[in-house]
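Each remark here refers to the structure printed beneath this line.
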Amino acid sequence: MPIIIVAVILSFMSIYILYSAFKVIMLERLPILGTFRSIGATIGSARSILLIESVTYGVIGGFTGCVAGFALLLLMSDILSPAKGNTFSLPTINPLYLALSFSSAIILSLAGAAIPTIKVSKLPVKDLIFTSLTAVRKKGFALLGILLFALSIVSPSVIDAQVYRWGSILSVILALTSAVLLVPLMTRIFRISLGWLFRFLFGNEGYLAMGQICSNKNNHHNIALLV
């Protein structure tokens, strides 16, 4: 059960980390994609290139992870063999588990890159070239984040003991989701509470810099990624 809990949490975190990273990458590449589209590339070809890139990252990550996992397994076997009084022997690797691990890396990479890729590929060429994206502030997300955070605190104490472990998994996922949704609200709160301090220390430049942090979507994604 602890391994299942860790696997679920890490899968959720990996998808969001990849989603945030690809979203930042897509925003930074908008002019390049606009130029690519303006010389005749179709939406499908642009989307295919971006998805192939995500699959490539998944293949590299899956291969690296499997090699690192095998090395860690050798180290664990070497450490545990003397404790058991047995001689060291190479651990048996199940090909099915190895294939599942490698496939999971590709699936997680695709899942994280799918939404940013589809959104960017549908943008008009003009918006891509001039990066003239209109940011829509969604106030409901902050309220949803507060609600999910409250549920993450309450859920383990009200769930039946027989399913408590699954309730704990749900609690962690809700807490992580709420933290991501609350990033824009928290940046605005910090801007209001620390704006006077930055104005005092750095003048108007410091205050404008604080405002840039709150209004720039790239900064929001980077902060959410760190969270």
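The values are calculated or read from the model by the stated rules, or taken from the named source; none is laboratory data. Quick caveat: nothing in here was measured; it's all calculated off a predicted structure. As a convention, Cβ positions derive from the backbone with ideal geometry for all residues, glycine included, and neighbour counts pool all protein chains shown. Each accessible area value is taken on the protein alone, full model and side chains, heavy atoms only, with ligands, DNA and RNA left out. Shrake-Rupley method; radii C 1.70, N 1.55, O 1.52, S 1.80 Å.
Report yes if residue 85 is open to solvent by less than 70 Å² (accessible area, probe 1.4 Å), of a type in the set (Gly, Ala, Ser) and modelled with pLDDT under 80, otherwise no. Spelling it out, residue 85 is indeed open to solvent by less than 70 Å² (accessible area, probe 1.4 Å), of a type in the set (Gly, Ala, Ser) and modelled with pLDDT under 80. Restricting the search to region 188-227, which residues are over 19 Å from the mean Cα position of the chain (by Cα) and either among the β-branched types (Val, Ile, Thr) or under 22 Å from residue 30 (Cβ atoms) (or both)? Answer for region 188-227, where residues must be over 19 Å from the mean Cα position of the chain (by Cα) and either among the β-branched types (Val, Ile, Thr) or under 22 Å from residue 30 (Cβ atoms) (or both): 189, 192, 212, 213, 214, 215. When the residues of region 61-77 are filtered to those that are more than 18 Å from residue 14 (Cβ to Cβ) and surrounded by 12 or more Cβ atoms within 10 Å (Cβ to Cβ), the one that is modelled with the lowest pLDDT is 77.
Yes/no matrix, rows are residues, columns are (1) open to solvent by 50 Å² or more (accessible area, probe 1.4 Å); (2) under 23 Å from residue 175 (Cβ atoms):
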residue	(1), (2)
5	no, yes
15	yes, yes
19	no, yes
23	no, yes
30	no, no
36	yes, no
44	no, no
48	yes, no
53	no, no
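Does residue 170 count as assigned to a helix (DSSP H, G or I) and at pLDDT 75 or above? Yes: the conditions hold for residue 170.
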